[in-house]
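Undergrad: One structure coming up, written as structure tokens, with questions to follow.
The values are calculated or read from the model by the stated rules, or taken from the named source; none is laboratory data. Bear in mind that the values here come from a model prediction, so they are computed numbers and not experimental data. Glycine also receives a Cβ, built like all others from the backbone with ideal geometry; neighbour counts cover every protein chain displayed. Heads up: the accessible areas ignore ligands, DNA and RNA and are worked out on the full protein's heavy atoms, side chains in. Shrake-Rupley method; radii C 1.70, N 1.55, O 1.52, S 1.80 Å.
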Amino acid sequence: MAGADGDDSLYPIAVLIDELRNEDVQLRLNSIKKLSTIALALGVERTRTELLPFLTDTIYDEDEVLLALAEQLGNFTMLVGGPEYVHCLLPPLESLATVEETVVRDKAVESLRKISQEHSPVDLEVHFEPLVKRLASGDWFTSRTSACGLFSVCYPRVSSTVKAEIRQHFRTLCSDDTPMVRRAAASKLGEFAKVLELEYVKSDIISLFTALASDEQDSVRLLAVEACVSIATLLPQEDLETLVMPTLRQAAEDKSWRVRYMVADKFSELQKAVGPEITKNDLVPAFQNLLKDCEAEVRAAAANKVKEFCENLPEDNREQIIMTHILPCVKELVSDTNQHVKSALASVIMGLSTILGKDNTIEHLLPLFLAQLKDECPEVRLNIISNLDCVNEVIGIRQLSQSLLPAIVELAEDAKWRVRLAIIEYMPLLAGQLGVEFFDEKLNTLCMAWLIDHVYAIREAATCNLMKLVEKFGAEWAQNTIVPKVLGMANDPNYLHRMTTLFCINALSEACGQEITTKQMLPVVLKMSNDQVANVRFNVAKSLQKIGPVLDSNALQTEVKPVLEKLASDSDMDVKYFAQEAISFLALA
């Protein structure tokens, strides 16, 4: 490398080596990110013979540099000469798959999985499979955890003797002394099961699954629950009861809440995988227990699945199962001590009304909805209001309207601005369901009050909300109820409120149409061009630009143009700028 000065073609690699040895991490990182450019400059031959060995030797660096390297190498196939030479990328990636930092190892494994697809079956056996074996029998747990992610990609394309070896290695790792390795094996168990032949799923995978699901570490047991979904979908129905269900029952009653949480979290997927019969006999009681669990996290995860679980029950006795087994548990959860549990339930409980029909909803669910609308936690009330459309389809919203109002008003004035923001976003939906008379009588004042909220995000959302309401109720309604109130704010002593008038006019002009805009809104905007506050004046220019296309050319020439020309010679530079922008946009120059 010393003679690099004399040979121009060596210059790129010389720069790379200098930068890779630089003390500044950022420089080393930049040079790694330019690897593909350097490889192109070197050509495939020298990339294989010089660049890759160099990279393999220098793998002792900051984690972020190694992470970038692991990612780059996954896209290097063409730069080393295409699929027939792809095996040259294995040595540096093998080293990266054994480093201490998990993120780097994961990225190296991801790149290895990617390039495994580009190996021919022969290369896979000659080069890739020995690498997996070396990693699987490495001294450090880091290499053994990486190996777990590689079995499933090479298994389908190798000969039966090699397949037997791979299965043996996987078995060994499932009973490794180190919990991290067993965890990695458990997390890949489902994926590996999918590529195995059915006889080996029964003979090998089930015993591994049973062992991992009763591991002493709860972090291993909970990953076995995830694998259970994949395994259950692979097995014929008659084998499920004997091979999978005993382990699943045990997991649903595990002493660690994390494992029970995982069962609750995967419940809908498990339900689909095991089919209606087992669901009826086994999963319904298990689900009841999870809904009554002593840990709030488990109850919340189960509560989240109530609607999905009920939807997926066999139709012939769905209603009977829900009414006798699920609903009593749900009733208890409505008054749970933990707000996350109540909130999770509130986000799905409305969905039960479409499953149970009108009579059951009125008799059994309506009291629960009303109780939740009065809950002390704003998230619970909000989740009920945001899912009202389900109930509206079944029983109409009138049944709820008397209780809805106090809940909406409270949320609309909640101290947390994010809660106020969320309720504004549901206003158009509520308005459509409640109808224009109810809205005008009860909610219109709220919508106007939001326009002068002290948080800008609320004022902005309230403006947008008005536009959606006008689209729903029509221009005539706007002219009678909204426009006069909005225009009245133009004389407010607070300049922020005067600006809100302009923002509302911008939003409403299109929905209200030419006549209302020209006769009612335009005079107010033009009058505000004499405002004392520069922010208001330049927003007048922006508003004129926005409503210009709605106006006719006569109004533009006789009314808008003189005002914009006056603003274009304003003493404030921002006012000038936006006035000139508007003049050129509306072609008034």
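Undergrad: Write out, first by first residue and then by second, each pair whose Cβ atoms fall under 6 Å of each other, whose residues are 6+ apart or on separate chains, and whose first residue, in the stretch 283-295, is in contact (Cβ under 8 Å) with a residue 24 or more places away in the chain while the second is open to solvent by 40 Å² or more (accessible area, probe 1.4 Å).
TA: Val284/His325; Gln288/His325; Glu295/Trp257
Undergrad: Would you mind stating whether Glu515 is acidic (Asp, Glu), open to solvent by 60 Å² or more (accessible area, probe 1.4 Å) and either more than 42 Å from the chain's Cα centre (by Cα) or at pLDDT 85 or above (or both)?
TA: When the stated conditions are applied, Glu515 passes them.
Undergrad: Filtering the stretch 149-185 down to residues that are in a helix (DSSP H, G or I) and polar (S, T, N, Q), which residue is least open to solvent (accessible area, probe 1.4 Å)?
TA: Of everything passing the filter in the stretch 149-185, Ser152 is least open to solvent (accessible area, probe 1.4 Å).
Undergrad: Related question: What tally of residues in the stretch 225-239 results from selecting those that are more than 13 Å from Ala286 (Cβ to Cβ) and either touching a Leu at 6+ places or on another chain (Cβ under 9 Å) or among the basic types (Lys, Arg) (or both)?
TA: Number satisfying all stated conditions: 9.
Undergrad: May I pose another question? With respect to Met573, determine if the residue is under 18 Å from Cys464 (Cα atoms) and either at pLDDT 85 or above or touching a His at 6+ places or on another chain (Cβ under 9 Å) (or both).
TA: Working: under 18 Å from Cys464 (Cα atoms): no; either at pLDDT 85 or above or touching a His at 6+ places or on another chain (Cβ under 9 Å) (or both): yes.
When the stated conditions are applied, Met573 does not pass them.
Undergrad: Further question on the same structure: Does Phe473 fit the bill of being under 16 Å from Met528 (Cβ atoms) and either touching a helix residue (DSSP H, G or I) at 6+ places or on another chain (Cβ under 8 Å) or not hydroxyl-bearing (Ser, Thr, Tyr) (or both)?
TA: Considered against the rule, which asks whether it is under 16 Å from Met528 (Cβ atoms) and either touching a helix residue (DSSP H, G or I) at 6+ places or on another chain (Cβ under 8 Å) or not hydroxyl-bearing (Ser, Thr, Tyr) (or both), Phe473 comes out as no.
Undergrad: Looking at the stretch 532-588, which of its residues are among the basic types (Lys, Arg) and over 15 Å from Leu502 (Cα atoms)? Steps first, please.
TA: Pass one, the stretch 532-588, residues among the basic types (Lys, Arg): 537, 542, 546, 561, 566, 576.
Residues satisfying the conditions are Lys561, Lys566, Lys576.
Undergrad: Kindly indicate the residue of the stretch 383-424 that is touching a helix residue (DSSP H, G or I) at 6+ places or on another chain (Cβ under 8 Å), open to solvent by 70 Å² or more (accessible area, probe 1.4 Å) and closer than 20 Å to Gly351 by Cα and also modelled with the highest pLDDT among those meeting that condition.
TA: Filtering first and then ranking leaves Glu393.
Undergrad: Identify the residue in the stretch 25-60 that is open to solvent by less than 60 Å² (accessible area, probe 1.4 Å) and among the basic types (Lys, Arg) and, among all such residues, is farthest from the chain's Cα centre (by Cα).
TA: Top of the filtered list is Arg46.
Undergrad: Scan the stretch 193-207 residue by residue and report those that are of a type in the set (Asp, Glu) and either within 15 Å of Phe151 (Cα to Cα) or surrounded by 16 or more Cβ atoms within 10 Å (Cβ to Cβ) (or both). Full working, then the answer.
TA: Going residue by residue through the stretch 193-207, those that are of a type in the set (Asp, Glu) are 197, 199, 204.
Scanning the stretch 193-207 gives Glu197, Asp204.
Undergrad: Residue by residue through the stretch 545-589, note down the ones that are of a type in the set (Val, Ile, Thr) and open to solvent by less than 60 Å² (accessible area, probe 1.4 Å).
TA: Of everything in the stretch 545-589, those that are of a type in the set (Val, Ile, Thr) and open to solvent by less than 60 Å² (accessible area, probe 1.4 Å) turn out to be Ile547, Val550, Val560, Val563, Val575, Ile583.
Undergrad: Here's a follow-up. Mind listing just one residue for me: the one in the stretch 324-361 that is open to solvent by 70 Å² or more (accessible area, probe 1.4 Å), over 27 Å from the mean Cα position of the chain (by Cα) and polar (S, T, N, Q) and, of those, farthest from Cys390 (Cα to Cα)?
TA: So the residue we want is Thr337.
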